[in-house]
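Input: a single structure, listed below in structure tokens.
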Number of protein chains: 2
Amino acid sequence: MNSAMTQQQDDIAGLMHDLGAQAQAAAHDLASASGEARSTALRAAADEIRRQTPALLAANGEDLAEADRRGLSGALLDRLALDEARIAAMADGLDAIAGFADPVGTVLAEWRRPNGLKIARVRVPIGVIGIIYESRPNVTADAGALCLKAGNAAILRGGSEAVRSNHAILACLKHGLATAGLPEAAIQLVPTQDRAAVGEMLRMTGLIDMIVPRGGRTLTERVQNESRVPVLAHLDGICHTYVDGAADPGKARAIVVNAKLRRPGICGATETLLVDRAVAASLLPAMVDDLVAQGCELRGDARARAIDGRLKEASQADWDTEYLDAVLAVRVVDGVAGAIDHIGRHSSHHTDAIITEDAAAAERFLAEVDSAIVMHNTSTQFADGGEFGMGAEIGISTGKLHARGPVGVEQLTTFKYVVRGDGQIRP
Amino acid sequence: MNSAMTQQQDDIAGLMHDLGAQAQAAAHDLASASGEARSTALRAAADEIRRQTPALLAANGEDLAEADRRGLSGALLDRLALDEARIAAMADGLDAIAGFADPVGTVLAEWRRPNGLKIARVRVPIGVIGIIYESRPNVTADAGALCLKAGNAAILRGGSEAVRSNHAILACLKHGLATAGLPEAAIQLVPTQDRAAVGEMLRMTGLIDMIVPRGGRTLTERVQNESRVPVLAHLDGICHTYVDGAADPGKARAIVVNAKLRRPGICGATETLLVDRAVAASLLPAMVDDLVAQGCELRGDARARAIDGRLKEASQADWDTEYLDAVLAVRVVDGVAGAIDHIGRHSSHHTDAIITEDAAAAERFLAEVDSAIVMHNTSTQFADGGEFGMGAEIGISTGKLHARGPVGVEQLTTFKYVVRGDGQIRP
């Protein structure tokens, strides 16, 4: 390694350390600020976003122009693009988060010991949260706002293609913070796109309390493998819908089409359809009709293909693939036990559903499938913080610790025990 | 690396993988077993421990004899030793855990969406928990029992010096499992003392859901640095007691002696005494009298030493040291702000206390000190799951995610969302 490179790495390490120290100081100030001040900041930021719509569109236009020059794909350009409606939705999102109940200071439990000690478990902010994300600029507003609402300082590391849009949004957030008298370092953007900055974030155990990666599998896996800071990660959404022998055929057909095709690119989209052997012959062809009519490609196991020749042959890899596209793997299984077994081996523990009118089969599925969200007679596309009534979310956690499922404001807090005595000493 | 070494490593990897797969299968069975079966297993294990007291004493005697031959220290021999009272306490502990409310299946929250979807957040076991600990054989019973109560399978890795004692205790636990018709693989001991087995555990992300290290700093740091499996760790207990200017002198003296000297070796023992400048001259000498009379060594900053010459000079390192011994660092600070500042820079975020009759100072301290447990007018030695009324604990978590403070049965669970519909599809 030459000395210029070493110097550059030292510079980035120093830069990130300063950013972390400022975030930590801001987190300390936020901990003693009122919930009202945090909501005021969010509402002022929302207003500023509305006022700055032309500036946001201009910054985003520059990002889009450069992305186009660099030959980015249409899907990526769509994720990157802001328009007046998206900007309005972003501002409305901040107002909605401002309106949520303040989680900080909530007494989660309280009890008194025989010796008179009063013990309370009280919700508190986590501290400093690092968020690493890709192209969507609205994440800057959503993630920054959710962290602030929960009393945390945020260090945001967005994608290089959205850098101008992200800074324009950040300016609005900082305007909100200043309006409410809160430290501007409560929400910061990493000012360099050097990948070494991400490596630094993942090692800043004394300064960052939690890392949330929000992006594709490559990003999440890198973060999970490298991070020394605890990670709240959304890995894959390999979601299953199991159509049981006792399913209502009409419900099953409507739910399967919705679960796969409403928006095939979201993490709650069903990727594998499991059909009970008992109804495969009678029900599968109709479901294939529905799906094929809407342009879905189907890949089946031997039993499914024997029933409907329109299915291509599925490979072993299909059972472990998150297509995020209009492709569905189909397998015939032996009843609810067969479905639970397949899901146990192939699910990513995100969301799995059973369609049945048999209450006992439903309860068995709901109890035995070990996923963040288990569903009965509904579409896996409902796996979403907004649809759960939790307001905005920062992602869906597929891990089992701290938070599972949609990660909203409450999931961005921790708690502490407050013990009040009157001179008690321990015998 | 020669081929014999490679072969040995492959053997250990294979052995650990088999152990993990058996634990995972057992965890699946436990998830559908009743809480009553789990309690029955614990009670039967307690009875068996009482019946097998002579066998446990004999196995422990062999461990002690070998430890003695290897020249282990007196403190270590004491931690390793079982006697009839300790064995009875271990059995009573299992009965107590059996008597706790069953956490599994508890509905933590439940709500209905406008579209009719019913959503419930339900407590479920985490799955497979790996516990890595050192010499105390009673951890085998406590940790295995807490995991089982919460519906988890446990993979236990005890210290080499306790290997015969641990296997004798494990036999009693397995007797309990068999009595209740539960899989014996629900609690397993790693059958080799090869250190490579620990390395394997820390990489078994698909088979172990959480690792709990329970031991000294070297062990915990190794686990935190190497583990790819999420870790619930207790790092240091650098606990502070701050005597405010408005402290009741009698309470302050009694609490400080208790907080330091009741049992200096536990993690909740106070390691640093902070004294408000306003009362240092009047109160510190009396506190030093109390502590010195009970054999405590004192190390002070310049201001403290100017008030009481019995204090040795503290070095910078003293503020960051967990003595676990009859040694106390003493610093004079400028009021509650000075105390909060010192604690922010030196606390291990375990337990910190303020002694004061000034309610505003107390509330400020309780709000601003960012530790798992914050206390007012009582002894840091109360930082203990049993003293909190949570029953047995597996340790005190100093991390902020998942669980903070005492880790009891409830903290060894997670939750899932159960969504019940009637054919709803997402618009």
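What the table shows:
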read-out	value
Linear extension gain, B:Ala25 paired with B:Asp92, 0.36 nm per residue minus alpha-carbon span	21.2 nm
Value in Å of the Kirkwood radius, where segment B:287-358 supplies the Cα pairs that are averaged	13.2 Å
Size of charge dipole - chain A - debye, nearest 20, with Cβ of Lys, Arg +1 and Asp, Glu -1, no other charges	1000 debye
Förster radius 56 Å - calculated FRET efficiency between A:Arg51 and A:Ala326 (Cβ-Cβ, nearest 0.05)	0.90
Under-5 Å amide H pairs with A:Val231, H placed in peptide plane, nonlocal only	A:Ile211
Choice from B:Arg195, B:Arg404, B:Arg203 with maximal GNM fluctuation in chain B (Cα, 10 Å cutoff)	B:Arg195
Exam field: B:Ala101 pseudo-label spacings to other copies (7 Å along Cα-Cβ), nanometres	1.9
Chain B - mean residue ellipticity at 222 nm from DSSP helices (-39,500 (n - 2.57) per run, n ≥ 4, rounded to 500)	-14500 deg cm²/dmol
In nm, spacing of pseudo-spin labels at B:Leu72 and B:Asp290 (7 Å Cα→C-beta vector)	3.6 nm
GNM flexibility winner over chain B from B:Leu401, B:Leu42, B:Leu412 (Cα, springs under 10 Å)	B:Leu401
Contour minus Cα-Cα distance for A:Gln9 and A:Asn115 (0.36 nm per residue)	32.6 nm
Cβ-placed point charges (K, R +1; D, E -1), dipole of the protein assembly as shown about Cα centre in debye, nearest 20	520 debye
Label geometry 7 Å along the beta-carbon vector: B:Val327 inter-copy distances in nm	6.3
Cα-projected label distance for A:Glu357 with A:Asp18, points at 7 Å along beta-carbon direction, nm	6.9 nm
Kirkwood Rh (inverse of mean 1/r, distinct Cα pairs), segment B:170-253, angstrom	16.5 Å
Crossing angle, helix A:163-179 versus chain A [Cα axis fit, 0-90 degrees, rounded to tens]	50 degrees
Lys/Arg +1, Asp/Glu -1 at C-beta; the protein assembly as shown dipole; positive extreme among A:Val374, B:Ser32, A:Ala101	A:Ala101
Segment B:1-77: trypsin sites (Lys or Arg not before Pro) in DSSP loop, at most 10 other beta carbons within 10 Å	B:Arg70
Chain B - Rg over Rh from alpha carbon coordinates, Kirkwood radius	1.03
Linear extension gain, A:Thr218 paired with A:Arg345, 0.36 nm per residue minus alpha-carbon span	43.5 nm
Table column - 3J(HN,Hα) (Hz), segment B:401-417, Karplus curve with 6.51, -1.76, 1.60, x for Gly and Pro	9, 6, 9, 10, x, x, 9, x, 4, 4, 6, 9, 10, 10, 9, 9, 9
Ratio of Rg to Rh over segment B:239-385 (Cα coordinates, Kirkwood Rh, two decimals)	0.91
Convex hull volume of segment B:376-427 per residue (C-alpha atoms, cubic angstrom)	159 Å³
From phi via Karplus (6.51, -1.76, 1.60), per-residue ³J(HN,Hα) for segment B:330-339 in Hz, x at Gly/Pro	10, 9, 8, 10, 8, x, 5, 5, x, 5
For residues of A:106-117, the mean tally of beta carbons on other chains within 10 Å	2
A:Asp422-B:Ser315 FRET efficiency (beta carbon distance; Förster radius 45 Å; 0.05 resolution)	0.80
Other protein chain Cβ atoms within 10 Å, averaged over every residue that makes up B:123-135	1
Peptide B:365-378 - average C-beta neighbours from other chains (10 Å radius)	6
Nearest-ten-degree value, helix A:217-226 long axis tilted from longest Cα axis of chain A	50 degrees
Candidates per GluC sites (Glu not before Pro) in segment A:115-214, loop by DSSP, up to 13 other Cβ within 10 Å	none
Efficiency of FRET between B:Glu226 and B:Ala65 - r from beta-carbon atoms, R0 35 angstrom, step 0.05	0.60
Separation of alpha-carbon centers, segment B:33-86 and segment A:300-322, rounded to whole Å	54 Å
Rounded to whole Hz, the Karplus (6.51, -1.76, 1.60) HN-Hα couplings of segment B:53-70, x for glycine and proline	3, x, 5, 5, 5, 5, 4, 5, x, 5, 4, 5, 4, 5, 4, 5, 4, 7
Nearest-ten-degree value, helix B:3-32 long axis tilted from longest Cα axis of chain B	90 degrees
Size of the protein assembly as shown as Cα extents on the principal axes (Å, biggest first)	88, 70, 58
Dipole magnitude (debye, nearest 20) for segment A:302-384, charges at Cβ of Lys, Arg, Asp, Glu	340 debye
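No lab work stands behind these numbers, since they all come straight from the coordinates. The shown structure was predicted, so the numbers you read here are calculated from the model rather than taken from an experiment. Glycine gets a Cβ as well: all are built from the backbone with ideal geometry, and neighbour counts include every protein chain shown.
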